[in-house]
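A quick write-up on the structure given underneath.
The values are calculated or read from the model by the stated rules, or taken from the named source; none is laboratory data. Because the structure is a prediction, the values reported are computed rather than measured. When we count neighbours, we look across all protein chains shown, and the Cβ atoms used for this are built from the backbone with ideal geometry, even at glycine.
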Amino acid sequence: MDRQDADAAIPAAGSLASTVRMLLRVGLALSFLLGLGWTYQHWTYQRAMTAASRSQLVAATNAGTAAIDTITRHAMAEVDAIARELDAGTLDRTSALVRLRSGMDANPDFFGMSLTYRPFGWAPHQRLYSAYFPRKNGHVTSVRLDETYDYTRPEFEWYGRAMAKGPLWTQPYFDEAAATTMITYSRPFIGPGGDPKAPLGVVTLDISMDGIKKIIEALDLGQSGFGALVAADGTYLYHPETDFVQGHKTLQGMAEELNDPDRLRLAEAAQRGEAGILNHRSQTTGLASWIIFAPVPSTGWSLENTFIKDDVRIRPEVMKRQQLHILLAGLVFLLCAASLLLGVCSGGSRPLWALSIVSALLFLGAIGTILSISLRFDRAHKTGGIPIADRATLNKVTGAYTRACELRHTEPPVYVPTGLYLESATFLTANDLMVSGYVWQKYQLGTQDHLFRGFTLADATSLEITENYREKADGFEFVRWHFRATVRQHLDSARYPIETGQIELRILHKQLNHNTVLVPDLKAYRFANPTSLPGLAKDLKLPGWQLKASAFEFRKLKFDTNFGVDRSFAKEDLPSLFYGVTIRRNIVDACLSNLLPLGVVTFLLFILVMIASRDARLVGFTQAGVGRVLNICAAMLFVIAFRHVDIRSRIASGEIFYLEYIYFLEYFAILWVSVNSVLYATTDRFLLIHYRDNFIAKTLFWPVLLGALFVITLAVFY
C-alpha cells in the first residue's frame with residue numbers, strides 16, 4: 001500500500017469507528033429503556049396479581065362474615081323479640097310456646113328453640129320446666145329438657161351464664177342426641193313487673209355449627225387455605241382442626257404453645273373488633289401466608305381466613321420470562337457500556353482483549369443467572385394436587401369430599417389414616433426407583449371392621465410386602481408393614497443436569513369395592529413441614545440428587561373403568577393419596593463428572609489457537625504444526641464422542657437434553673480450531689485469519705463459545 005492509499009484509509013477507519021460508536025450508544029439507550037420497561041412490567045404484574053388475590057380474599061372474608069351475621073342477627077332478633085314480649089306481658093307463656101314452634105317452622109336455619117324457667121318459675125309445685133322444639137329429620141318436634149337433665153347444673157352455660165350475665169352466645173358444644181355441634185344464643189326474660197336482677201327464665205335458640213362450617217368452607221381460599229371463627233375473647237368457635245374447638249383452645253393459648261406472636265395480634269384485633277390482613281409464617285408448616293380477619297358485627301366474633309401465598313395465581317412461566325427479558329436487556333446494556341468504556345472503537349489490541357475477557361465473563365454470569373431463575377420457577381412439586389401439611393387442610397379436603405358424596409347420593413367415604421416412612425431409595429435406571437420402608441394404617445374398630453387391611457403402590461413393577469406389627473388399642477386396629485418396591489418414575493431429563501424432579505409414590509387401598517380414601521396420618525410425624533422431610537429417614541441418601549422437600553398430597557384422578565366391581569363410575573372420582581419427594585440434581589456432581597472435562601478440553605483448544613504461528617522456530621519449539629494440531633483435535637474428538645455416547649445411554653430422554661448442546665459446541669470448537677490451523681498455516685488468502693497473527697480467532701474464541709451457550713441456555717429454559 002502506497003502513502004496515498006494509506007492516507008485514504010485513515011478517514012475510512014475513522015468513519016467506521018464513529019459508526020460503531022454511534023451504534024453502541026443506540027444499543028445502550030435502547031437496552032436501558034427496554035430493561036426499564038420490562039422491569040416495570042414485571043413489578044406491576046407481580047403487584048397486580050398479589051393485589052387481586054388480596055382483594056379477592058378480603059371480599060371472600062367479608063362475604064363470609066355477612067353470611068354468618070345474617071344467620072346470627074336473625075336468630076338474635078327472633079329471641080330478643082320473644083323475650084321483650086314476655087317482659088311486656090303481650091305474650092303469655094302458652095302463646096310463647098306456639099310462637100317458638102312457628103318460628104322454627106318459618107326458619108330452616110334454626111336448629112332448636114326453647115323456653116326455660118328458673119326453679120319454680122313455671123309453677124309453685126313444679127321445680128323445673130323447659131320446653132324445647134328441635135328440628136329432627138326436617139320436622140319440628142317437641143321435648144321437655146327438664147325431664148332429660150337438670151339444666152341448672154353449672155356445665156349448662158346456656159342457662160346459668162345467661163341468667164347471671166344477660167344475653168350471650170355459648171361456646172360450641174356437641175349434642176349427642178342430635179349428633180351435631182351447636183352454638184346457642186340465650187336471652188333472659190323477667191316477665192311483667194319482674195326484677196331485672198332476678199330473671200324469670202331464658203329464651204334460647206340453637207344454631208348448628210354445620211351451617212356456619214359450610215359457609216366458611218365454601219369460601220375460595222385457595223387449595224391449602226382454611227378459615228377459623230373465634231369469639232371476642234379469642235376462644236375458637238370453629239376450626240378445621242376440631243381439637244381446637246372441643247378443647248376450648250384460645251388464640252392466646254395457641255400463641256404461647258407454638259411461640260407464635262401473630263396469634264396474639266389476632267386475639268387483640270378480635271377483642272377490638274378490627275379487620276385487616278396479617279403477614280404470617282406458620283410455626284408448624286413453615287409456609288408463608290396471609291391471615292385475613294374481619295368481625296361479625298352482631299356477635300363480636302372474628303372470622304380469620306388463612307391463605308397460603310404459594311397459592312397466589314401468579315403464573316410462574318410468565319414471571320420467569322419477564323425476568324429473562326430483564327436479564328437480556330441488562331446483558332446488552334453492559335456489553336455496550338463495556339465497549340464504550342474500554343474504547344474498543346480505537347482498534348487497539350488491549351481494549352479488544354479487555355472486551356473479550358469482559359464479554360466472556362458477562363455471558364458466563366448471564367448463563368448462571370438463567371439457571372438460577374429456572375431453578376426458582378420450574379418447581380416440580382407444583383403438580384396441581386393439594387399438599388397436606390396440617391390437619392386444617394386435611395379436614396377441609398375430607399369435608400369437601402364428604403359433602404360431594406352426599407350431593408351425588410353415593411356411598412359415604414371411609415377415611416383410613418395412612419403413614420409412610422422411607423429408609424432407602426436408589427435409582428436402578430434413569431426412571432426405575434427402588435425404595436424400601438414402612439407403611440402403617442389405622443382402622444376404626446366397629447365401623448371399619450369390614451375393610452380389608454392392606455395397601456398397594458401404583459406403578460410398581462415389583463412389590464414385596466411383609467406385615468410386621470398389629471395391635472388393637474384406643475378404638476383402632478393398628479397395622480404396619482415393611483415393603484420393598486421398584487416404582488416407575490416419570491422424570492423429565494430435557495434440562496439435564498439442571499433438573500428439579502419429583503419422585504412419587506401413589507398409595508392405594510388394596511380393596512376396591514368400597515369408597516375408601518387413604519388420608520395421611522399427620523399425628524405420626526413430629527413435623528409435617530415439607531422442608532423438614534417428613535417420612536424420610538435422616539440418613540437416607542439418593543445418589544446424585546439432593547432431597548429438598550417431602551409431603552403428602554391429594555390429587556383428583558378419574559378413571560373410565562370400575563375395575564370390574566359392579567358399582568357407579570362416580571365412585572371412582574375420589575382423591576388419591578400421593579407421597580412426593582422433591583429432588584434436585586446434585587449440580588456439583590454433574591459438573592465434576594461432565595462439565596469439568598468439557599471445560600478442560602475447551603481450554604486446551606484455546607491454547608492451540610494461542611500458540612498457532614507461522615514462525616518456523618516457534619513451531620519447532622512448541623511442536624504445534626498443523627499436523628500435530630489436527631492429531632490433537634482428532635484425539636479430543638474421540639474422547640468427547642465416547643463421553644457423549646456414554647451419557648446418552650445413561651440419560652433416558654427422547655429429545656436432546658441441555659448438556660448435549662454443550663457437546664455440540666465442543667464439536668464446533670474442535671472443527672473451528674482444526675480449520676483455523678489449516679488455513680492459517682497453508683494460505684495467505686484469508687485476511688481475517690492472518691490479521692495481527694490470528695488475532696481475531698484468539699479474541700473471539702471465548703465470547704463466541706460462551707455467547708452461543710448463552711443463546712442455547714436462553715432458548716432451552718425460556
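Does at least one position in region 84-104 carry a residue that is surrounded by 20 or more Cβ atoms within 10 Å (Cβ to Cβ), assigned to a strand (DSSP E or B) and of a type outside the set (Val, Ile, Thr)?
Checking region 84-104: not a single residue is surrounded by 20 or more Cβ atoms within 10 Å (Cβ to Cβ), assigned to a strand (DSSP E or B) and of a type outside the set (Val, Ile, Thr).
Scan region 443-458 residue by residue and report those that are of a type in the set (D, E, K, R) and touching a strand residue (DSSP E or B) at 6+ places or on another chain (Cβ under 7 Å). I'd like the intermediate steps shown before the answer.
Residues of region 443-458 that are of a type in the set (D, E, K, R), as a first pass: 449, 453.
Matches in region 443-458: Arg453 only.
The rows are residues; the columns are (1) basic (Lys, Arg); (2) touching an Asp or Glu at 6+ places or on another chain (Cβ under 8 Å); (3) free of Cβ contacts under 8 Å to residues at least 24 places away in the same chain.
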position: Leu451; (1), (2), (3): no, no, no
position: Thr456; (1), (2), (3): no, no, no
position: Ala460; (1), (2), (3): no, no, no
position: Glu464; (1), (2), (3): no, no, yes
position: Glu471; (1), (2), (3): no, yes, yes
position: Phe476; (1), (2), (3): no, no, no
position: Trp481; (1), (2), (3): no, yes, no
position: Ala485; (1), (2), (3): no, yes, no
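So which of Tyr132, Tyr117 ends up being touching a residue at least 60 places away in the same chain (Cβ under 8 Å) and assigned by TED's automatic domain parsing to the domain that holds Met182? Quick ask: steps written out before the conclusion?
Working: Tyr132 fails: touching a residue at least 60 places away in the same chain (Cβ under 8 Å).
Testing whether each residue is touching a residue at least 60 places away in the same chain (Cβ under 8 Å) and assigned by TED's automatic domain parsing to the domain that holds Met182 leaves just Tyr117.
Name the one entry in Lys249, Lys197 that is under 30 Å from Thr90 (Cβ atoms) and either surrounded by 20 or more Cβ atoms within 10 Å (Cβ to Cβ) or at pLDDT 85 or above (or both).
On the way: Lys249 fails: under 30 Å from Thr90 (Cβ atoms).
When all the criteria are applied, what remains is Lys197.
Any idea how many residues of region 589-613 are modelled with pLDDT under 75, part of a helix (DSSP H, G or I) and crowded, with 17+ Cβ neighbours inside 10 Å?
Residues flagged as modelled with pLDDT under 75, part of a helix (DSSP H, G or I) and crowded, with 17+ Cβ neighbours inside 10 Å within region 589-613 amount to 1.
Across region 305-339, what is the total count of residues that are part of a helix (DSSP H, G or I) and touching a strand residue (DSSP E or B) at 6+ places or on another chain (Cβ under 8 Å)? Break it down stepwise before answering.
Taking region 305-339 and keeping what is part of a helix (DSSP H, G or I), we get 309-311, 316-339.
Then keep just the ones that are touching a strand residue (DSSP E or B) at 6+ places or on another chain (Cβ under 8 Å); that gives 309-310.
So the answer is 2.
If Glu655 meets every condition in (1) at pLDDT 80 or above; (2) not in a helix (DSSP H, G or I) apart from one, which number is that one?
Unmet condition: (1).
Going by the conditions given, is Ala288 assigned by TED's automatic domain parsing to the domain that holds Val230, buried (at least 17 other Cβ atoms within 10 Å of the Cβ) and not hydroxyl-bearing (Ser, Thr, Tyr)?
Numbers: assigned by TED's automatic domain parsing to the domain that holds Val230: yes; buried (at least 17 other Cβ atoms within 10 Å of the Cβ): no; not hydroxyl-bearing (Ser, Thr, Tyr): yes.
In short, no.
Of everything in region 106-122, what is at pLDDT 90 or above and outside any loop (DSSP other than H, G, I, E, B)? Give them in sequence order.
Passing the criteria: Gly112, Met113, Ser114, Leu115, Thr116, Tyr117.
When the residues of region 563-588 are filtered to those that are in a loop (DSSP other than H, G, I, E, B) and not hydrophobic (A, V, I, L, M, F, W, C), which remaining residue is modelled with the lowest pLDDT?
Let us first name the residues in region 563-588 that are in a loop (DSSP other than H, G, I, E, B), namely 563-568, 573, 586.
Those left that are additionally not hydrophobic (A, V, I, L, M, F, W, C): 564, 566-568, 573, 586.
Working: Gly564: 60, Asp566: 57, Arg567: 54, Ser568: 51, Asp573: 60, Asn586: 82.
Looking at residues that are in a loop (DSSP other than H, G, I, E, B) and not hydrophobic (A, V, I, L, M, F, W, C), I get Ser568.
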